[in-house]
Amino acid sequence: HPEVTMTLKLSEAYPDHVFASDCPSRIVLDHVTSKWGVLVLVGLAEESPLRWGELRRRVQGVSEKMLAQTLRTLEADGFVSRHAFAVVPPHVEYALTPLGEELAERLVDLMSWIVEHADGIVGAAASA
């Protein structure tokens, strides 16, 4: 597909109609752009592999349940790999797959933009 630019409409670049309610891209978009999905992917992009506890400390505020659910989803989608070592106590590490690394590159740019503008956006919303 051609590179999408501001002058090229998404629907022209992807004639399969990404705006259609039954487009598979919606499922991936939901998984990838959830708050925890983005933070897990970006966290693993900074340092990988990470153990469960290390990842939970990196992504502050995520509950055990949400981290487990997010990791299962990202693993099922092929963005994250899980490696369990046969030791006692259990030792599991999570890392980005090549597909996850490709996605994380794009998310890091998005997160950089968000961090750069967050104070102004939140401040404007609070004073409105």
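The values are calculated or read from the model by the stated rules, or taken from the named source; none is laboratory data. Bear in mind the structure is a predicted one, so any value in this text is a computation, not a measurement. Don't worry about glycine lacking a Cβ; one is built from the backbone with ideal geometry, like all the others, and counts go over all protein chains shown. With ligands, DNA and RNA removed, areas are computed over all heavy atoms of the protein, side chains included. Shrake-Rupley method; radii C 1.70, N 1.55, O 1.52, S 1.80 Å.
Things to note:
- Radius of gyration (Cα atoms) of segment 27-128, expressed as a multiple of 2.2 N^0.38 Å: 1.17.
- Placing 51, 57 in order of accessible area, with the largest value first and a 1.4 Å probe, yields 57, 51.
- Annotation note: chymotrypsin sites (Phe, Trp or Tyr not before Pro) in segment 29-128 located in DSSP loop regions with a Cβ neighbour count of at most 13 within 10 Å are absent.
- Note on segment 71-126: the C-alpha convex hull projects to 6.0 nm² when averaged across all orientations.
- Average accessible surface for segment 41-128: 66 Å² per residue, computed with a 1.4 Å probe over protein heavy atoms with every protein chain in place.
- Other-chain or far-sequence residues with amide H under 5 Å of residue 97's (modelled H): 80, 81
- Figure note: 42, 87, 59, 115 ranked by solvent-accessible area, largest first, 1.4 Å probe, ligands and nucleic acids not counted: 115, 87, 42, 59.
- Pairs of Cα atoms nearer than 8 Å and 6+ residues apart set the relative contact order; for segment 68-128 it is 22 percent.
- Take residue 117: with every protein chain present and a 1.4 Å probe, its accessible area is about 70 Å².
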